[in-house]
Amino acid sequence: MKILLTYINDYKRPIGLWLLFGLIHVLTSFLYQLPMERSMLWLVVCGFIGMIAGCFHFYNYYTKHKELEVLPRQPHLDIEQLPKPENVIEADYQAILKELTTALSQLEHTKAQNEQEILDYFTMWVHQIKVPISALHLILQEEDREVSAEMRDQLFKVEQYVELLLQYVRLGSSSTDYQFHKIDLDTMIRDTLKKYASLFIRKRLPVRYDGVDQRVITDSKWLGFVLEQLLSNALKYTNKGVISIYWEEHAIVIEDTGIGIRPEDIPRVGEKNFTGFTGRQHKSASGIGLHLSKQILAKLGHKIEIESEVDKGTKVSILFDPGQITIE
């Protein structure tokens, strides 16, 4: 019914003209005192022929509408799939669409090339910068002084920032792929804790972790990156107390006893370049780590929840869909 009303609205002018011509014919017959039977017969015949022609025209209209309605849902929209144009105007519109599609394809191809060039450059840069970093690590291993230990920690942070830069570029690339498979969360968490062990020791912060006997379907590389970012934040903003990692209701929880986050800042945590009150107190904070973590988890099909209280600590949860959790 809706399509019929749309059709009538689209062709209201020719329909109106057809009715007007019929009215003019009746009026002319009346003025010339012609037999009304002949006028009525003319109206009935014309009306019958007009109804048949209108039905065929509406059928073509409806068929074309259905063909066009299905096209946007196709995986790959092709201009050649458009219905054959019925007149010069439709042909002109399709020609314009073809030109626009060609131009769009060229822009997408250029964009993909530029993204790949940027990614290749930063990948090369990261590998090159890791050479002097590794050399500095080897040099410092020969020294046991407190200064050397501090320098090793600072080099570790440099490595993390370099990795953060690379992941930032990769995440923004349209060619980024995700490889989902079953992973052991306990192994991943323990590897992350080992990576940050020296920072825990230097800050004299205990970590409470009793193991997680869970396996989930996800991308291990990207989820591992998120875990590192969340653990790094917990270390950065906790000076006393303890950092706990545990499993709770389909979620990995990283909880600290640090400075916390103001209630008004929590809804905006993870926004690009947002640091909040905590970030203004710590000038080195950029907020990019949480921003990337939130973006990555969304692409992995996971969620992030943050609960915090100023001067009491922060609780960050990575929530997994029950369908992603495997049972052995």
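The values are calculated or read from the model by the stated rules, or taken from the named source; none is laboratory data. This structure is a prediction, so every number in the text was calculated from the model and none was measured. Counting neighbours? That spans all protein chains shown, and the Cβs are built from the backbone with ideal geometry, glycine included.
Mind checking which residues of the stretch 26-37 are surrounded by 10 or more Cβ atoms within 10 Å (Cβ to Cβ) and not aromatic (F, W, Y)?
Passing the criteria: V26, L27, T28, S29, L34, M36.
Please indicate, with yes or no, whether at least one residue in the stretch 206-218 is crowded, with 18+ Cβ neighbours inside 10 Å, at pLDDT below 90 and under 22 Å from L164 (Cβ atoms).
So far as the stretch 206-218 goes, no, none of its residues is crowded, with 18+ Cβ neighbours inside 10 Å, at pLDDT below 90 and under 22 Å from L164 (Cβ atoms).
Which count do you get for residues in the stretch 51-102 that are farther than 26 Å from L4 by Cβ, outside any helix (DSSP H, G or I) and touching a Lys or Arg at 6+ places or on another chain (Cβ under 9 Å)?
0
With assigned to a helix (DSSP H, G or I), aliphatic (A, V, I, L, M), under 24 Å from the mean Cα position of the chain (by Cα) and farther than 22 Å from A251 by Cβ as the only criterion, which of L166, L199, L155 stands out?
Every option except L166 fails the conditions.
What pairs can you find where one residue is in the stretch 147-171 and in contact (Cβ under 8 Å) with a residue 40 or more places away in the chain and more than 13 Å from Y196 (Cβ to Cβ), the other is hydroxyl-bearing (S, T, Y) and surrounded by fewer than 16 Cβ atoms within 10 Å (Cβ to Cβ), and their Cβ atoms are less than 6 Å apart, with a gap of 6+ or different chains?
R170/T176
Considering only residues of the stretch 289-303 that are under 19 Å from F274 (Cβ atoms) and in contact (Cβ under 8 Å) with a residue 60 or more places away in the chain, which is nearest to the chain's Cα centre (by Cα)?
Only one residue fits best here, namely Q295.
Table: residues versus (1) surrounded by 10 or more Cβ atoms within 10 Å (Cβ to Cβ); (2) at pLDDT 85 or above; (3) farther than 18 Å from L171 by Cα.
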{"site": "R73", "(1), (2), (3)": "no, no, yes"}
{"site": "H76", "(1), (2), (3)": "no, no, yes"}
{"site": "K84", "(1), (2), (3)": "no, no, yes"}
{"site": "E90", "(1), (2), (3)": "yes, no, yes"}
{"site": "K98", "(1), (2), (3)": "yes, yes, yes"}
{"site": "L104", "(1), (2), (3)": "yes, yes, yes"}
{"site": "A112", "(1), (2), (3)": "yes, no, no"}
{"site": "D120", "(1), (2), (3)": "yes, no, no"}
